[in-house]
Amino acid sequence: GAVVSQHPSWVICKSGTSVKIECRSLDFQATTMFWYRQFPKQSLMLMATSNEGSKATYEQGVEKDKFLINHASLTLSTLTVTSAHPEDSSFYICSASPQLAGRYSYNEQFFGPGTRLTVL
Amino acid sequence: SQQGEEDPQALSIQEGENATMNCSYKTSINNLQWYRQNSGRGLVHLILIRSNEREKHSGRLRVTLDTSKKSSSLLITASRAADTASYFCATDENRRGYNKLIFGAGTRLAVHP
């Protein structure tokens, strides 16, 4: 249980185009989903937190208009990188927290496999 | 800003040896977690230790927590080549309704056959 998927697993796009990345919780409902960015050989940096049905909360320094987040349902959050540029090339990872603690302890986060974005 | 800092940044050992990674943090925590990441992949949750716990075991993993020093260690015993990965500690920061995870810089472990 507690599986999170991401699609696509990798994407190459031209500079100036927009790219949408999906994050799905497959076997649980997620009240909260998180989007992280990871540069090579570096740690994960939280970009934003999305709650179903409300606006995302962005971390300091993350452009809201650049990284659009939509959490339309309890199982799906999307991250759209708008007008992508080469410096946006990175590994994007999402995580999801179950709606109810129930079978899970505390506010556990389950991570997706990541999406590698390369902007040419 | 990142709260957790880890050392060493990189560790290279032979199969069968033990690997110890350390993590330090700056503020009070509710719990501390360790994750593993294979190259280019997502994170796998290894173990969680609560602030009122001092030591926890899971298979070949042993985690300690010293809240007075704001530090934790992850010990992998009898390492295997398959343990080659990056290991991150993560502490939580309370936000309304959820916990924000703050990751350390990570330790890249290489286990040579």
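Computed from the coordinates by the stated procedures, all read-outs in this text should not be read as laboratory data. On a predicted model such as this, the values are computed, not experimentally measured, just so you know. Note: ideal-geometry Cβ built from the backbone for every residue, glycine included; neighbour counts use all protein chains shown.
Condition check ((1) under 26 Å from residue A:2 (Cβ atoms); (2) among the hydroxyl-bearing types (Ser, Thr, Tyr); (3) touching a Pro at 6+ places or on another chain (Cβ under 8 Å)) across all residues:
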| site | (1), (2), (3) |
| --- | --- |
| A:44 | yes, no, no |
| A:60 | no, no, no |
| A:68 | no, no, no |
| A:73 | yes, yes, no |
| A:81 | no, no, no |
| A:85 | no, no, no |
| A:95 | yes, yes, no |
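Can you tell which of A:8, A:86 is touching a strand residue (DSSP E or B) at 6+ places or on another chain (Cβ under 9 Å) and surrounded by 12 or more Cβ atoms within 10 Å (Cβ to Cβ)?
Details: A:86 fails: surrounded by 12 or more Cβ atoms within 10 Å (Cβ to Cβ).
Exactly one of A:8, A:86 is touching a strand residue (DSSP E or B) at 6+ places or on another chain (Cβ under 9 Å) and surrounded by 12 or more Cβ atoms within 10 Å (Cβ to Cβ), namely A:8.
May I ask you to verify whether residue A:5 is within 13 Å of another protein chain (Cβ to nearest Cβ) and of a type in the set (Gly, Ala, Ser)?
Details: within 13 Å of another protein chain (Cβ to nearest Cβ): yes; of a type in the set (Gly, Ala, Ser): yes.
Yes: the conditions hold for residue A:5.
May I ask you to list the residues in the range B:60-95 that are at the interface with chain A (Cβ under 10 Å from one of its Cβ atoms) and either among the acidic types (Asp, Glu) or surrounded by fewer than 17 Cβ atoms within 10 Å (Cβ to Cβ) (or both)?
Correct list: B:92, B:93, B:94, B:95.
Test residue B:93 against the criterion of being of a type in the set (D, E, K, R), touching a residue at least 12 places away in the same chain (Cβ under 8 Å) and not in a strand (DSSP E or B), and give yes or no.
On the way: of a type in the set (D, E, K, R): yes; touching a residue at least 12 places away in the same chain (Cβ under 8 Å): yes; not in a strand (DSSP E or B): no.
Against the criterion (of a type in the set (D, E, K, R), touching a residue at least 12 places away in the same chain (Cβ under 8 Å) and not in a strand (DSSP E or B)), residue B:93 does not qualify.
Return the residue satisfying two criteria in turn: it lies in the range A:62-83 and is part of a loop (DSSP other than H, G, I, E, B) and of a type in the set (Val, Ile, Thr), and of such residues it is surrounded by the fewest Cβ atoms within 10 Å (Cβ to Cβ). Talk me through it step by step, then tell me what you get.
Here is the first cut: in the range A:62-83, the residues part of a loop (DSSP other than H, G, I, E, B) are A:62-66, A:74-75, A:82-83.
Add one more test, that the residue is of a type in the set (Val, Ile, Thr), and what stays is A:62, A:75, A:82.
Working: A:62: 17, A:75: 19, A:82: 15.
Among those residues, the one meeting the criterion is A:82.
Please go through the range B:32-52 and give me each residue that is assigned to a loop (DSSP other than H, G, I, E, B) and not polar (S, T, N, Q), ordered by number.
Of all residues in the range B:32-52, those assigned to a loop (DSSP other than H, G, I, E, B) come to B:38-42, B:51-52.
Those that are assigned to a loop (DSSP other than H, G, I, E, B) and not polar (S, T, N, Q): B:40, B:41, B:42.
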